[in-house]
Each structure stands twice: as structure tokens, then as C-alpha cells.
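A short worksheet on the structure shown next.
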Amino acid sequence: MRIKFSQIAPVALVAIATLLSASVMSSRAAAQNPDTMMPEASATKAKQILAQMLDAMGGRAYLNVRESQCSGRLSHFGHNNDLTSYLEFKDYWRYPDKNRTDYGKKGNIIDLFNGKEGWTMDHDGVSEEPADRVDEFKEQLVKDPEHLLRYRLKEEGLVYRYGGTDLIDLKPVDWVELVDRAERTYRIAVQRDNHLMVRFAVITRDSVSRERTEEVTSYANYHALDGVQTPLQVARTRDGRRIFQAFYDTCTYNPNLTPDFFTKAALEQRFREVGSKVDKKKAAKAKQD
């Protein structure tokens, strides 16, 4: 005997509709569960989310950035999460591996890294950065999201995975995971409504002790500057401990910095401009000694 829908009670119809809806939602959820997705499907979804994100960040304008010049205020934190410094700064990049940061209103303290070299300028003049500081810069460069997104997405051996959904600041996000040949794991949280990056996490393990370290960078207060979506609030933690927080006033992209801007000679010229007479005499005496 065939039962017609007209013969089913309204309450039963509602129950059937609810069951069908739940079944569909359950199947969709299962299909989107990162733990049950096939590797190819997971990688495809991860790449789609990243493509949406790069387009939202400015597309070609974002990918074609070769230099940047930003200014703002920077806070550093100690081991007890106490505020240790609060400085005005200007940060300059010539991608992929040249960075210069001028601290203070006068810009009379500078750290400069140029690939495998580095120099610092302070009250004693210009000197080479210690080897461990240069190594730290090179390691941080590998973990930098700008470097990853502009230069490494087609790197051989890079594995893509969809990491599932989450809520960050009460807003839905999708996580994308990438693992490189050095077994670094990069996790990127992309906000669903505007497709902008709100978290960037890097998970590494010490090659000897296998101790796990996680650095998480948070991004907020995006503004379109020179066609590039730019977060004006950036904060970073390492294993849950605050490292720094930056509030940017403005950023300019591709400002055509002078060719020698990221050189030792540029710092020496800067010291001649902003160093006090006492500082210059002290530096000159140190050279003679």
C-alpha cells in the first residue's frame, strides 16, 4: 500500500523534514571534517581558502609588494608578561630578506639585517650584529607569513591540509595548515566573512630535545593602504607568553627606498646625522683603540 503525503499528519511531516535536514547537515559536516577528508580533497580546500585570502588581501597588489615602510609604536614584554619597553619605531623591508628597524623619535637606535649580514647602530656607533642575532633573524624570516605567502607557496615538499573551523573573537574562521620539509607546521586562520588572516601560528620542534614551540601572531584592525589590506594591530605570543604588540600608524608599499638603504654605509651616514658630539667622539676613540 502506497501512503500519500496528504495522509500523513502535519506533526509527522515536520518530524520527517527535521530528520532529513539533520541527515543532510550531518553528511555535509562529515564531508568538511578535516579528520575524515581524503588528502587530495583536504589540500584542494586548503588551497581554495588561501586563494580567497590572497585575493582579499589585495591580490596582485599584495603579491607584488617588494618594499614596505611602516611606522608606529612597539611594546615588548618580559618573562612575567610585564611591559618592558614602549617605543616609537619605523620598520622597513626590501623583500625577501632585508629589514631595517629604526627605534625612538630620532631613530638613533637601528637594527639592520641584509640576508646573512647584520649591523646595529647605537650610541657607540655602528657595529656588526652578533652571530646569534643574525641566525635568529634568518630563522624568524622562514617563519614570517609575508615571506611564506609571497615566496614559498609553490615550494617543493610543502603539504597543504584543511584544518577545520573555529571561532576567534566570536567570528567563524577556517584553519589552513601547511607543513614544510623541515617539519615546521604553519596554521593560518582565515575569517569567513572577509577572508582576511586573523591568526598565524608556527609550530616547531627542537632537533635534539624534540621540545615543541608555538608562536602565534594575531592580526586586527585592517585598513586598505596602497591597495593592500594592512593590519594596524599585530601581537605575538610564544608558548602562550606575550612577546610584543605593535600599533601601526601607517604603511606605504613600494616606496622606492634608496639602493644603499639596507647597508652598513647607510647606518654610518645616519650616525653622522643623529649621533651626539659625545657619541661621535666615543665612537672615534673606540676605532683608534
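The values are calculated or read from the model by the stated rules, or taken from the named source; none is laboratory data. Keep in mind that what you see is a predicted model, and the values were worked out from it rather than measured. Note that we place each Cβ from the backbone using ideal geometry, even for glycine, and neighbour counts take in every protein chain shown. Please note that ligands, DNA and RNA were not included when accessible areas were found on the heavy atoms of the full protein model with its side chains. Shrake-Rupley method; radii C 1.70, N 1.55, O 1.52, S 1.80 Å.
Expected output is a single nm value to one decimal: the length gained when fully extending between Tyr95 and Leu167, i.e. 0.36 nm times separation in residues minus the C-alpha distance. What is it? Walk me through the numbers on the way to the answer.
On the way: separation 72, 0.36 × 72 = 25.92 nm, distance 3.25 nm.
Taking 0.36 nm per residue and subtracting the Cα distance, the gain is 22.7 nm.
What FRET efficiency, computed as 1/(1 + (r/R0)^6) with R0 = 45 Å and r the Cβ-Cβ distance, is obtained for Glu67 and Glu40, rounded to the nearest 0.05?
Working: r = 38 Å, r/R0 = 0.84.
FRET efficiency, Glu67 to Glu40: 0.75.
With a point put 7 Å past each Cα toward its Cβ, work out how far Glu139 is from Arg238 in nm, to one decimal.
Each label point is offset 7 Å from its Cα along the Cβ direction, giving 0.8 nm.
How much area per residue is accessible in the range 208-265 when the probe is 1.4 Å and only protein heavy atoms are counted (Å²)?
Numbers: 3200 Å² over 58 residues.
Per residue, the range 208-265 has 55 Å² of solvent-accessible surface.
Relative to the present Cα-Cα distance, how much length would full extension add between Leu153 and Glu128 at 0.36 nm per residue of separation?
Working: separation 25, 0.36 × 25 = 9.00 nm, distance 3.27 nm.
The span from Leu153 to Glu128 would gain 5.7 nm if fully extended.
Quick one: pull the percent of accessible area on the range 40-152 belonging to carbon and sulfur, 1.4 Å probe, ligands and nucleic acids left out.
Values: 2700 of 5720 Å².
Solvent-exposed carbon and sulfur of the range 40-152 make up 47 percent of the total.
Between the range 161-194 and the range 84-158, what's the alpha-carbon centroid distance in Å?
26
Of Lys98/Lys264; Lys98/Lys143; Lys98/Lys154; Lys45/Lys138, which sit over 24 Å apart, Cα to Cα? Write out the running numbers ahead of the final one.
Values: Lys98/Lys264 12 Å; Lys98/Lys143 15 Å; Lys98/Lys154 22 Å; Lys45/Lys138 31 Å.
From Lys98/Lys264; Lys98/Lys143; Lys98/Lys154; Lys45/Lys138, over 24 Å: Lys45/Lys138.
What is the sum of charges around Arg236, taking Lys and Arg as +1, Asp and Glu as -1, for the other residues whose C-beta is under 9 Å from the C-beta of Arg236? If you can, show how the numbers build up before the last one.
Working: positive: Arg238, Arg242; negative: Glu215.
Net of charged neighbours comes to +1.
What are the GluC sites (Glu not before Pro) within the range 166-243 that DSSP puts in a loop, where the Cβ has at most 11 other Cβ atoms within 10 Å?
Numbers: sites: Glu177, Glu183, Glu211, Glu214, Glu215; in loops: Glu183, Glu211.
Hits after loop and neighbour filter: Glu183, Glu211.
With Cβ to Cβ distances under 12 Å as the rule, what net charge do the other residues near Lys264 carry (K, R +1; D, E -1)?
Residues close to Lys264 contribute a combined charge of -3.
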